[in-house]
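**Student:** One structure follows; several queries about it will come next.
Every number here is computed from the coordinates shown, using simple stated rules; none is lab data. Bear in mind that the values here come from a model prediction, so they are computed numbers and not experimental data. Neighbour counts are summed over all protein chains in view; Cβ atoms, including those assigned to glycine, are modelled from backbone coordinates with ideal geometry.
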Amino acid sequence: MAKKIFSGVQPTGNLHLGNYIGAIKNFVDLQNEKNNQCIFCVVDLHAITVKQNPKELKNNIRETTAAFLASGIEPEKNIIFNQSLVPAHSEGSWILGCVARMGWLNRMTQFKEKAGKDKEKASIGLYIYPVLMAADILLYDASHVPVGEDQKQHLELSRDIAQKFNLDYECPNFFKIPEPLIQKNFARIMSLKDGTKKMSKSDPSDLSRINLKDNKDEIINKIKKAKTDNDSMPKDENNLNKRPEIENLFSIYSSLSNQNLKSTIDQFSGKNFSKFKNDLAEVVVEKITPISNEIKRLEKDPQFIDNILLNGSKKAEKMAKLKVEKLKEIIGF
Ligand code: TYM
């Protein structure tokens, strides 16, 4: 069945292999499924929930767009735009913020992680961030939302908000209840330095992640330095969850080679770690360096990228505006 896909990526720099495997790679697969309609958003309003340098933000919006294009997302087939060009997102977000409950937001683990110990100093935007995310999704009647594991709770909140609105205003089918699309196996890529921590843009150690703009030598060096353990090569999947670094490297290899974890384990069983790391580096270089080169090439033509965003935003605006108009009518404005 045809799906209506919506997903977003924050333009906060350092896009990495986790973003690629957990999200962007799947965007490309979904775009290639027949009859799907896909909307991919550079969520710049989300980015400013943490203070951004304006110049860097502008560059990061373009970089994220370039990463979409370089990974194979086609602007003619899909809608690619940045959130701040479509005011309906902010408007819808305010209205949904009046539906969402404090208790629901208080449970959001990402806020707790990002706000850290001193919650009082976090921006209100960071707290209500998942409400804006709900507006993103619900304004387009998205049927499916491809994301990494870390966004699961936010998606559940979007579903709760949609259901409560439909119930409160007695309009049972107004907001479509979106389904998360989270891969079973590779939805959480971990840091190369600590297999218990998610690979993240904000990790102070650049060695913890493969950036989509890394060159061949950087990739090889990071994989060489990636943490492993002193045990022998795994023979099966049992106990792999007790060896998070190994599980992570095997997951990266499997995902980029489009094979399951078991095939990778069988492939390297009896071999040594240096052989595995060499092969892993080869697979990552093969997948990532063309993307990296293409991002850098596209970034030299900011006007080209800006045009794609502008064109995409016109198409997005049409849909989102219409939905907000209906929303306002239901509310009694
Ligand atoms: P963001 O920008 O943090 O991440 C973009 C996408 O990458 C996934 N991801 C990962 N997947 C696997 N392993 C990792 N280590 C890893 N790190 C990040 C994320 O799950 C995400 O899919 N709130 C969202 C952006 C957003 C959005 C939306 C998504 C805003 N509105 C509407 C879907 C629908 C975010 O901060 O993603």
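**Student:** Assuming R0 = 25 Å, can you tell me the calculated FRET efficiency for the pair residue 173 and residue 101, based on Cβ-Cβ distance, to the nearest 0.05?
**Tutor:** Numbers: r = 22 Å, r/R0 = 0.89.
Computed FRET efficiency for residue 173 and residue 101: 0.65.
**Student:** Would you mind counting up the charge near residue 243? Only other residues with Cβ under 14 Å from its Cβ, with Lys and Arg at +1 and Asp and Glu at -1.
**Tutor:** Details: positive: 227, 235, 242; negative: 194, 229, 231, 236, 237, 245, 247.
It works out to a net charge of -4.
**Student:** In 20 Å bins starting at 0, how do the alpha-carbon pair distances of the chain split up by percent?
**Tutor:** 30, 57, 13, 0
**Student:** Assigning unit charges at the beta carbon (Lys, Arg +1; Asp, Glu -1) and nothing else, what dipole magnitude in debye, to the nearest 20, does the chain show about its Cα centre? Write down the numbers at each step before the final one.
**Tutor:** Numbers: 51 positive and 43 negative charges, 71 e Å.
For this selection, approximately 340 debye.
**Student:** A further question follows. Can you work out the FRET efficiency for the pair residue 119 and residue 239, with r the C-beta to C-beta distance and R0 = 56 Å, to the nearest 0.05? If you can, show how the numbers build up before the last one.
**Tutor:** Values: r = 38 Å, r/R0 = 0.67.
The pair residue 119/residue 239 has a calculated efficiency of 0.90.
**Student:** Please list, by residue number, every one of the GluC sites (Glu not before Pro) in the range 18-118 that is coil in DSSP and has at most 16 other beta-carbon atoms within 10 Å.
**Tutor:** Details: sites: 33, 56, 63, 76, 91, 113; in loops: 33, 76.
Within the range 18-118, the qualifying GluC sites (Glu not before Pro) (loop, at most 16 other Cβ atoms within 10 Å) are 33, 76.
**Student:** Local charge sum around residue 100 (other residues, Cβ-Cβ under 11 Å, Lys/Arg +1, Asp/Glu -1)?
**Tutor:** Values: positive: 101, 164; negative: 160.
Summing Lys/Arg as +1 and Asp/Glu as -1 gives +1.
**Student:** Restricting things to Cα coordinates, could you compute the convex hull volume per residue of the range 99-204 in Å³?
**Tutor:** Working: hull volume 12.4 nm³, N = 106.
For the range 99-204, the hull spanned by Cα atoms encloses 117 Å³ per residue.
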